[in-house]
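I have placed the structure first, in the form of structure tokens, so that the comments after it can refer back to it.
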Amino acid sequence: MIGRDLFEGHARDTLTPEESEWFERHADSLVVGSYLNAPLSFINGKGELSGIAVDYLRLLEGKLGVEFRRASPTNVSELLQDMRAGRVDLASGLTRTPERLDYLLFSEPYTRIPNLIVVRQGTWEMLTLEEMQGLRISVGENFGAHEYLKRTHPELQVVPVPNDLEGLLRLSTGEVDVMIVHVASLSFHITQENLTNLHVAGRIPYEYELAIAVRKDQPILQRIVQKGLDQITEKEKELIWRRWVYAREPPFYLDPLFWRVVAILIVGVGVVVGTVITWNKALKRQVQARTHELAEAHRNVSFLAEASIILSETLDYSETLSRLGDLCVRHFADWCVIDVVTEGRVRRLAGAHISPAKRPLLDILAERYPAQEGSPSPAGEVLRTHQPQLYPELSEEEIRSTCVSEEHAQLIIALGTRSAISVPLISRGHMLGVLTLGSGPLGRRYGRRELELAQEVARHATVAYDNARLYQQAQEAIRIRDAFLMVAAHELRTPLTSLKLRISILQRLAHEAPEQQVRTDSLLRELPRIQAQADRLRTLIEQLLDASCIGSGRFELMREEFDLCQLVQDVVDDLRDQLSRSGSQLEVRTGCPAMGRWDRLRLEQVVTNLLANAIKFGEGKPLEVRVEPGPDTVRIVIRDQGIGFPIEAKARIFEKFERAVSERHYGGLGLGLFITRQIVEAHGGTILVESTPGEGSTFTVVLPYGEALAATPPSA
């Protein structure tokens with residue numbers, strides 16, 4: 001507590017009446033704050049607050065005859081926030097910076113401490129700020145040196161740490177490449193922590209000018225503090241310095257004797273020494289370059305290892321590629337997009353940007369200017385050529401040359417693009433997609449090494465994406481198989497059940513009159529039904545056998561010469577009963593003859609499948625069958641006006657076990673159109689379909705005439 005003899009210390013006579021009166025009124029309420037960063041201020045082994053800044057504060061209290069109230073020690077950032085908010089009135093060990101002058105007043109510095117550039121031994125012998133671009137540099141968060149680097153060298157990659165010890169430990173273990181730290185802290189921690197693998201490679205043109213800071217709204221307190229500091233003697237300052245800053249052996253090149261010897265040698269053998277110095281500098285540059293390459297190689301290996309882990313963690317390729325994009329941005333890109341080719345279309349699957357504020361630009365770019373083959377964009381070039389594209393330096397004009405419009409170019413420029421790479425994702429000769437990376441004005445410039453790294457990432461991504469895609473295809477195949485087995489069981493059970501029922505009826509008739517012959521009219525009524533169910537069962541089994549032959553590659557054609565028009569007419573005659581039951585009117589138009597060499601049984605199967613489908617799905621509505629011979633091919637067109645199907649079903653109705661309608665309402669195994677397409681393509685032909693829901697479908701089969709008749713097809 002402060003007594004009435006407050007000003008009986010050494011500084012009492014120097015205060016003005018106004019200062020004395022103010023200080024006596026406010027002394028009890030003044031709060032001093034401290035931040036933890038040894039050796040300026042820290043908690044020692046006894047639990048006491050110690051350090052250079054603390055010693056100066058205690059000297060100040062002795063000179064003013066006062067003991068300030070203490071706030072709990074914290075870090076620099078929180079201490080500055082407390083002073084800005086008025087919770088702390090003054091603090092020792094702070095450095096004047098332009099940012100802090102907005103809300104603080106400072107005394108004259110009571111000591112000056114140079115800041116050093118510290119590296120691990122075996123990396124750089126000497127280093128300057130200008131040579132540190134691309135290196136990871138640790139510095140105390142919100143320390144004066146941190147604010148200095150942000151103002152003067154924003155291009156440097158700064159890694160803020162909560163205190164100097166944390167930064168030195170990270171440097172010692174290789175997590176960062178360089179540490180900016182003042183000499184007092186370095187000397188203290190090297191001695192305390194035995195950090196023997198560190199080396200001073202230079203210093204920066206910025207010193208810590210430690211002073212006592214007060215709130216800007218208390219200028220009278222700043223004057224009182226300054227008068228107290230003025231009473232501290234040089235001897236007292238020297239004692240503090242020797243207590244906390246441990247002496248270290250200076251480098252040999254700072255020894256005057258060394259330079260005298262060098263001077264003597266220069267006089268005698270100047271040419272030789274000059275040659276050695278030149279060679280040594282060249283060797284040093286080579287060592288630095290090689291060290292930088294090794295560090296970069298280590299980071300790349302770590303990056304690829306992390307990428308491999310990410311790519312192997314899940315079979316959801318959308319999530320995997322999204323996380324890969326984020327990893328690329330963290331490691332060596334300002335932005336990254338991944339486009340994949342699915343069902344013949346290019347789709348943006350992942351996008352990431354180092355700045356969250358610019359992430360929406362990638363969404364706009366994907367929506368308005370998607371990558372596509374033939375576009376001048378890097379991804380478009382890769383899709384077209386299947387070759388990687390490298391853009392080491394992109395001017396705005398060069399960016400415009402890769403865009404389709406000025407808006408497109410402005411989006412690319414707004415992303416921050418000065419260098420770019422696009423590499424293909426290729427698996428077994430098939431283009432799966434494109435990985436595109438961009439670097440901004442302050443980022444790295446891409447070259448051969450970055451291109452090789454991007455290609456290696458693309459290879460890892462391709463394997464993961466392909467595995468995930470194949471897994472999903474396998475899962476889909478299993479789903480289709482299971483669905484088919486359910487349908488097949490139902491479809492095969494239906495005719496068997498009917499057969500069993502008809503036979504039971506005949507057995508009952510026989511048991512009811514065992515002494516009499518079964519009535520002829522009953523036999524005539526039941527036997528056609530039994531025959532129809534047997535035919536249906538045979539058709540289903542034949543479809544399964546055909547699908548099995550197609551899948552095993554044992555599908556062969558038995559060609560013979562015949563008239564396709566006559567074949568179509570025969571099939572129509574065979575289906576007359578089915579047509580009659582459906583109530584549909586059939587119009588047959590043929591441009592006969594249409595002679596060719598085909599497999600008769602297989603083409604009967606094609607026409608039967610297509611016409612049976614038309615009858616089933618166009619029940620009660622007109623049907624049309626046309627045969628149209630041409631000079632090189634003949635066309636079979638079958639049209640119904642039935643239920644039709646949506647356009648999205650068009651691509652899959654010719655696949656195995658697929659259908660465009662529900663199996664609940666329409667029977668079948670989903671094999672008819674699959675077998676039909678295989679037969680047509682085995683003849684060298686094609687099958688096309690056009691359909692509109694509610695308006696019907698039109699199937700068109702185009703067949704060449706066959707080998708023997710291709711040169712001289714029959715006339716129409």
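The values are calculated or read from the model by the stated rules, or taken from the named source; none is laboratory data. No experiment lies behind these values; they were computed from the predicted model shown. Neighbour counts run over all protein chains shown; Cβ positions are idealised from the backbone, glycine included. These area figures cover heavy atoms from the full protein model, side chains too; ligands, DNA and RNA do not enter into them. Shrake-Rupley method; radii C 1.70, N 1.55, O 1.52, S 1.80 Å.
State the number of residues belonging to region 437-452 that are in contact (Cβ under 8 Å) with a residue 60 or more places away in the chain and open to solvent by 10 Å² or more (accessible area, probe 1.4 Å). Full working, then the answer.
Within region 437-452, the subset in contact (Cβ under 8 Å) with a residue 60 or more places away in the chain is 437-440, 442-444, 449-451.
Checking which are open to solvent by 10 Å² or more (accessible area, probe 1.4 Å) leaves us with 442-444, 449-451.
Of the residues in that region, 6 qualify.
Of the strands (runs of 3 or more DSSP E) contained entirely in region 25-129, those carrying at least 3 residues that are touching a residue at least 12 places away in the same chain (Cβ under 8 Å) and either buried (at least 21 other Cβ atoms within 10 Å of the Cβ) or not β-branched (V, I, T) (or both) fall at 90-95, 104-106, 111-120.
Scanning region 366-380 turns up one or more residues that are surrounded by fewer than 21 Cβ atoms within 10 Å (Cβ to Cβ), over 21 Å from the mean Cα position of the chain (by Cα) and among the acidic types (D, E). What about G667, is it open to solvent by 20 Å² or more (accessible area, probe 1.4 Å) and at pLDDT below 70? Yes, satisfied. Every test in (1) modelled with pLDDT of 85 or more; (2) buried (at least 21 other Cβ atoms within 10 Å of the Cβ) is passed by A464 save one, and that test is (1).
Restricting attention to region 195-206, does a residue exist that is over 19 Å from P98 (Cα atoms), of a type outside the set (A, V, I, L, M), without any contact (Cβ under 8 Å) to a residue 12 or more places away in the chain and open to solvent by 60 Å² or more (accessible area, probe 1.4 Å)?
Taking region 195-206 as the starting set, the residues that turn out to be over 19 Å from P98 (Cα atoms) are 195-203.
Still in the list and also of a type outside the set (A, V, I, L, M): 196-197, 199, 202-203.
From the residues that got through so far, the ones that are without any contact (Cβ under 8 Å) to a residue 12 or more places away in the chain too are 196.
From what's left, open to solvent by 60 Å² or more (accessible area, probe 1.4 Å): 196.
Yes: one or more hits.
Looking only at region 168-190, residues that are assigned to a helix (DSSP H, G or I), open to solvent by less than 10 Å² (accessible area, probe 1.4 Å) and within 14 Å of L135 (Cα to Cα) come to 1 in all. In region 422-436, which residues are farther than 14 Å from P378 by Cβ, in contact with a helix residue (DSSP H, G or I) (Cβ under 7 Å, 6 or more places away or on another chain) and open to solvent by 20 Å² or more (accessible area, probe 1.4 Å)? Correct list: I426, M431.
Residues in region 45-77 that are more than 15 Å from I232 (Cα to Cα) and among the acidic types (D, E): E48, E67. A count restricted to region 559-574 and to residues that are in contact with a Gly (Cβ under 8 Å, 6 or more places away or on another chain) and part of a strand (DSSP E or B) stands at 3. Looking only at region 574-589, residues that are open to solvent by 60 Å² or more (accessible area, probe 1.4 Å) and within 29 Å of G706 (Cα to Cα) come to 3 in all. Of all residues in region 130-142, those satisfying the criterion of being assigned to a strand (DSSP E or B) and open to solvent by less than 20 Å² (accessible area, probe 1.4 Å) are I137, S138, V139, G140.
Selection of region 125-152 for residues being of a type outside the set (D, E), touching a helix residue (DSSP H, G or I) at 6+ places or on another chain (Cβ under 7 Å) and under 16 Å from E99 (Cβ atoms) yields V139, G140, N142, F143.
Quick check on region 627-634. Is at least one of its residues within 19 Å of T686 (Cβ to Cβ), open to solvent by 60 Å² or more (accessible area, probe 1.4 Å) and either part of a helix (DSSP H, G or I) or out of contact with any strand residue (DSSP E or B) (no Cβ under 6 Å at 6 or more places or on another chain) (or both)? Checking region 627-634: at least one residue is within 19 Å of T686 (Cβ to Cβ), open to solvent by 60 Å² or more (accessible area, probe 1.4 Å) and either part of a helix (DSSP H, G or I) or out of contact with any strand residue (DSSP E or B) (no Cβ under 6 Å at 6 or more places or on another chain) (or both).
Taken over region 314-363, the criterion of being among the β-branched types (V, I, T) and touching an Asp or Glu at 6+ places or on another chain (Cβ under 6 Å) is satisfied by V346, I354. Identify the residue in region 151-166 that is outside any loop (DSSP other than H, G, I, E, B) and under 30 Å from the mean Cα position of the chain (by Cα) and, among all such residues, is farthest from P441 (Cα to Cα). Top of the filtered list is V161.
Quick check: anything in region 250-273 closer than 23 Å to N37 by Cα, at pLDDT below 90 and open to solvent by less than 70 Å² (accessible area, probe 1.4 Å)? Give the derivation first.
In the first step, residues of region 250-273 are kept if they are closer than 23 Å to N37 by Cα; the result is none.
There is no residue in region 250-273 that is closer than 23 Å to N37 by Cα, at pLDDT below 90 and open to solvent by less than 70 Å² (accessible area, probe 1.4 Å).
Please specify each residue of region 143-162 satisfying the condition of being in contact with an Asp or Glu (Cβ under 9 Å, 6 or more places away or on another chain) and buried (at least 20 other Cβ atoms within 10 Å of the Cβ). Of everything in region 143-162, those that are in contact with an Asp or Glu (Cβ under 9 Å, 6 or more places away or on another chain) and buried (at least 20 other Cβ atoms within 10 Å of the Cβ) turn out to be F143, G144, V161. Out of the residues in region 129-144 that are modelled with pLDDT of 90 or more and of a type in the set (A, V, I, L, M, F, W, C), state the one that is nearest to L171 (Cα to Cα). It comes out as I137.
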